[in-house]
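Let me begin by presenting the structure, written as structure tokens, before commenting on it.
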Amino acid sequence: MQHICVFEDSRHSQLIPLVYTRPVFELRCGLFTTLERTIKHYPHAAITLFCRNYLSDVLQERLTHRVNTLHASDDTCLFLNGRAIISLPVSLEGPEELGVQDNTLVYARLKGNNAKKISYEKFLTQDVIEMLKDTVRVVDTHVPIVNYFWDIIKHNKSQIEKDFMLFVKEGSISGKLYEGVHLINEDQIFIGKDSRMKPGCALDAENGPIYIGNNVTIAPNTTIEGPVYIGNHSIVQSNSRIRGGANIGEVCKVGGEIVNTIFHSYSNKQHDGFLGDSYLGSWVNIGADTVNSNLLNTYGNIKVELGENIINTNHMFLGMAMGDHNKTAINTTIMTGSIFGFACNIITPTFPPKYLPSFTWYSDNGTKVYILEKALQVAKIVMKRRDKEMTPAEEHIFRTVFQLTEKERTSVKNK
């Protein structure tokens, strides 16, 4: 049996708020999450997942993989960093080896005692390279590494193209095309089963492939310019402009103008308004005419506030990162490089701050804490509207995030 372990490491916190409710290897980039891509690379392998302990119950609830304990028979195991975007699989065969890039462990092929002494806690709290480098050879490797959310934005467009070339290979039309639909470069367009393209839609794959999953509805007079991914059971509203790099996860409803922006899953932006170069989590609702800036008037590099740190992203184009269960009111205007935590409510026609900690209720009256029980109640209503019941494991994560971010909320409120 081949054994793979996908792990989180100590730098997962740099991807907050997107990883409060999911491990780093469940973030989307291209057609897949890192975990989905790994499963495709190694279809016959037994896969173990190493993650923060408070996420383990919800993973075991959703997935069939072993979580935070290796298989007893794991005499040889290939460990893969969940922050690495590995398009070409690392070989399971060969001598023990550490694949390293910029002091980040990308993979570790380990045997015997070296494999058995690794645990999820060690990846999260220790330098595994330092631990093993005296007994295991170290080799340089070159793959995209996700350190911050803007790294996902940077690689998203090209990864859609790579994934399409590697795993889809050519266009295929299984859905229904109504009269008046126009396809450009059809051999780079994939449309899944029971999907519907309504009259007046134009799908232009000249600059990159377009992948549309199963049971997707594209309403009339919508233009889609590749590279684009639209996941199963999603809806694109009429007169939308879905531009290069748009990455719409499963069960989303979107409209307006979207460019190089990732919707993780179960999120809504149904009305007019521009979103660019951003990553939105799950269960997000974007109010009508909400827009975000992704370019400074000075055309300079965009800086972000991440906790108490100011970081120069070295990106000219960058929108926002928005955690799960966020809501914006109508006409919200969001500045370049904004970061909003988990379960925030933004109700203002003026610019909200560039950084809001989790469970923030922000309005013209200032900042206050979004009461946990009220936020939970709203989240359960939202999920039920999509025929989902919040499980005890999901509620535990909700409460855990509130506790993890309580000190930060108090600090921001007292400034």
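Structural remarks
- Paramagnetic label reach from Asn207 (point 7 Å along Cα→Cβ; backbone nitrogen cut-off under 15 Å): within the stretch 178-194, residues 184-185.
- Residue with peak Gaussian network fluctuation, the chain [Cα springs, cutoff 10 Å], from Thr348, Thr298, Thr141: Thr298
- Sparse packing (at most 14 other Cβ atoms within 10 Å of the Cβ) combined with a DSSP loop state is found for the following chymotrypsin sites (Phe, Trp or Tyr not before Pro) in the stretch 278-311: Tyr299.
- A Gaussian network model of the chain, with springs between Cα atoms under 10 Å, assigns the largest mean-square fluctuation among Ala72, Ala205, Ala393 to Ala72.
- Ordering Thr391, Thr34, Gly307 by the projection of their Cα atoms onto the charge dipole of the chain, which places +1 on the Cβ of Lys and Arg and -1 on the Cβ of Asp and Glu, puts Thr391 at the extreme positive end.
- Computed from label points 7 Å out along Cα-Cβ, the spacing between Ser174 and Ile129 is 4.2 nm.
- One Cα centroid belongs to the stretch 117-191, the other to the stretch 364-409; the line between them spans 30 Å.
- Filter on Lys157/Lys253; Lys253/Lys354; Lys157/Lys193; Lys169/Lys269 - keep pairs with C-alpha separation over 27 Å: Lys169/Lys269
- Cα-based shape type of the stretch 3-147, given that a ≥ b ≥ c are square roots of the gyration tensor eigenvalues and the cut on a/c is 1.5: rounded
- Qualifying chymotrypsin sites (Phe, Trp or Tyr not before Pro) for the stretch 169-276 [loop in DSSP, other Cβ within 10 Å: at most 16]: Tyr178
- Under 13 Å from Lys162, Cα to Cα: aspartates and glutamates that are on another chain or at least 8 residues apart: Glu170
- Two-site FRET efficiency, Glu373 against Lys193, from Cβ-Cβ distance with R₀ of 51 Å, rounded to 0.05: 0.75
- Legend: ranking of residues Asp9, Asp127 from fewest to most surrounding C-beta atoms inside 10 Å; resulting order Asp127, Asp9.
- Qualifying GluC sites (Glu not before Pro) for the stretch 166-220 [loop in DSSP, other Cβ within 10 Å: at most 10]: Glu179, Glu206
- Contact order, relative form, for the stretch 287-415: 18 percent (alpha carbon pairs under 8 Å, 6 or more residues apart, mean separation divided by residue count).
- Residue among Lys193, Lys327, Lys117 with the largest mean-square fluctuation in a Gaussian network model of the chain, springs linking Cα atoms under 10 Å: Lys117
- Dipole magnitude (debye, nearest 20) for the stretch 3-147, charges at Cβ of Lys, Arg, Asp, Glu: 260 debye
- Tensor-based shape of the stretch 195-320 (alpha-carbon gyration tensor, a/c under 1.5 rounded, otherwise prolate or oblate): prolate
- Computed over the stretch 3-147, relative contact order equals 29 percent, with contacts defined as Cα pairs under 8 Å that lie 6+ residues apart.
- Taken as entire DSSP H runs, the helices of the chain that both span 15 Å or more between Cα atoms along their own long axis and average -1.0 or more on the Kyte-Doolittle scale are 372-385, 392-404.
- Relative contact order (%) - the chain, alpha-carbon pairs under 8 angstrom, separation at least six: 10 percent
Values quoted throughout were computed directly from the atomic coordinates according to the rules given, and no laboratory measurement underlies them. If you're wondering where the values come from, they're calculated on a predicted model, not measured in any experiment. Note that we place each Cβ from the backbone using ideal geometry, even for glycine, and neighbour counts take in every protein chain shown.
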